[in-house]
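The values are calculated or read from the model by the stated rules, or taken from the named source; none is laboratory data. As the structure is a prediction and not an experimental result, all values here were calculated from the model. Ideal geometry is used to build each Cβ from the backbone, glycine not excepted, and the neighbour counts take in all protein chains shown.
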Amino acid sequence: MEAPIGVIDSGVGGLTVAKEIMRLLPNEKIYYIGDTARCPYGPRPRHEVRNFTWQMAKALERKGIKLLVIACNTATAVALHSLQKYFSVPVIGVVNPGARAAIKNTKRHEVAVLATRGTVESGAYEEAIASLSSSTHVVPLACPTFVPLVESGEYKSSVARGIVHEGLKPLRDESFDTVILGCTHYPILQHYIEEVVGEHVTVLSSAEETAKDVQEILAQRGELAIGTPQHKFFATGSVPIFKDIAEDWLKLEQTEVARIKLTSSD
Ligand code: I24
Ligand code: DGL
């Protein structure tokens, strides 16, 4: 089908999800909104995150999309269910795909979830995991230093290694065989996270699992695209900064990035 897949996020982090969708479904056109002017969502009160998420979803609905992906874990945690009730196109978030993959993987029924404060406080991952497997124990951990670390550009340095090791210290006394990266930015730190948890623990990214869900839903509805897509990106903040990060991360040239205004009347 001609219509694009809509992807919304608090900023550029959701490009980790967009990249997985592009990799799995290279013919699909993506319309992406990053609310870079109001990023990060992680520390914000839930009513605010819900409000901002609605604004992005409505803006994409007006542009015409066949499916909406909430790429931001914090936004998914507080807004998914209400958006699913309102929109006529399928709306998927990143929490259920991550939870499902973790349940499939865990042998000991013990899963750790790394996420922002907002996501951890919402209890969304516990709820999603409990509905799939009531016997699975969840160890949630907020890692509030990780998003600023990635966004500082220091994510490859030895400073990054130290911050990740420090942030994951509370996991030392916990038992688990599976970790969900429940935040858009954490796949960037995956190597350091794997170093801390050790080789006997599987680290899963919600981003990758979500792309599989998108594929399944579109295939089921007979809505998979054919052809060469021209993606469009919209940012509420700086266009050149967004473009730089997007082209670097997605390994694309000449991406189309425009400024978008979101208001409470949306
Ligand atoms: N990564 C993210 N956000 C940033 C960044 C980064 N700066 C460097 N890198 N900045 O998120 C956020 C600041 N805003 C200001 C307003 O405009 C938008 C940006 C993670 C991105 C994950 C795809 C590091 C970096 C990069 C390129 C690719 C990946 C990456 F520069 F981690
Ligand atoms: N996109 C957010 C998430 O996945 C991380 C960045 C933010 O706090 O806005 O939870």
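The figures follow:
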quantity	calculated
Test for Pro144: is it away from ligand 2 (no atom under 14 Å from the Cβ) and of a type outside the set (D, E, K, R)	no
Check on Gly182, within 17 Å of Gly13 (Cβ to Cβ), touching a residue at least 24 places away in the same chain (Cβ under 8 Å) and within 16 Å of ligand 2 (Cβ to nearest atom)	yes
Unmet requirement for Thr202, which otherwise passes all of (1) farther than 24 Å from Leu141 by Cβ; (2) surrounded by fewer than 21 Cβ atoms within 10 Å (Cβ to Cβ); (3) in contact (Cβ under 8 Å) with a residue 60 or more places away in the chain; (4) β-branched (Val, Ile, Thr)	(1)
Members of the stretch 19-51 that are closer than 19 Å to Gly118 by Cα and within 15 Å of ligand 1 (Cβ to nearest atom)	Gly34, Asp35, Thr36, Ala37, Arg38, Cys39, Pro40, Tyr41, Gly42, Pro43
Checking His165 against (1) within 16 Å of ligand 1 (Cβ to nearest atom); (2) surrounded by fewer than 17 Cβ atoms within 10 Å (Cβ to Cβ), the condition it does not meet	(1)
Some residue of the stretch 74-92 being in contact (Cβ under 8 Å) with a residue 12 or more places away in the chain, assigned to a loop (DSSP other than H, G, I, E, B) and within 16 Å of ligand 1 (Cβ to nearest atom)	no
Count of residues meeting criterion [near ligand 2 (Cβ under 8 Å from one of its atoms), small (Gly, Ala, Ser) and within 12 Å of Val12 (Cβ to Cβ)] in the stretch 29-48	0
Single residue of Ile8, Ile70, Ile21 found to be among the β-branched types (Val, Ile, Thr) and away from ligand 2 (no atom under 14 Å from the Cβ)	Ile21
Condition met for Leu25 (touching a Gly at 6+ places or on another chain (Cβ under 7 Å) and either of a type in the set (A, V, I, L, M) or on the phi > 0 side of the Ramachandran plot (or both))	no
Answer residue from the stretch 127-152, given it is in a helix (DSSP H, G or I) and farther than 28 Å from Gly162 by Cα and is nearest to ligand 1 (Cβ to nearest atom) among those	Ala128
Residues that are away from ligand 1 (no atom under 16 Å from the Cβ), surrounded by 12 or more Cβ atoms within 10 Å (Cβ to Cβ) and either hydrophobic (A, V, I, L, M, F, W, C) or modelled with pLDDT of 95 or more (or both), drawn from the stretch 217-255	Ile217, Leu218, Arg221, Glu223, Leu224, Ala225, Lys232
For Ile92: the one exception among (1) farther than 28 Å from Phe176 by Cα; (2) more than 12 Å from ligand 2 (Cβ to nearest atom)	(1)
Qualifying residue in the stretch 184-194 (condition: out of contact with any helix residue (DSSP H, G or I) (no Cβ under 7 Å at 6 or more places or on another chain) and either away from ligand 1 (no atom under 13 Å from the Cβ) or hydrophobic (A, V, I, L, M, F, W, C) (or both))	yes
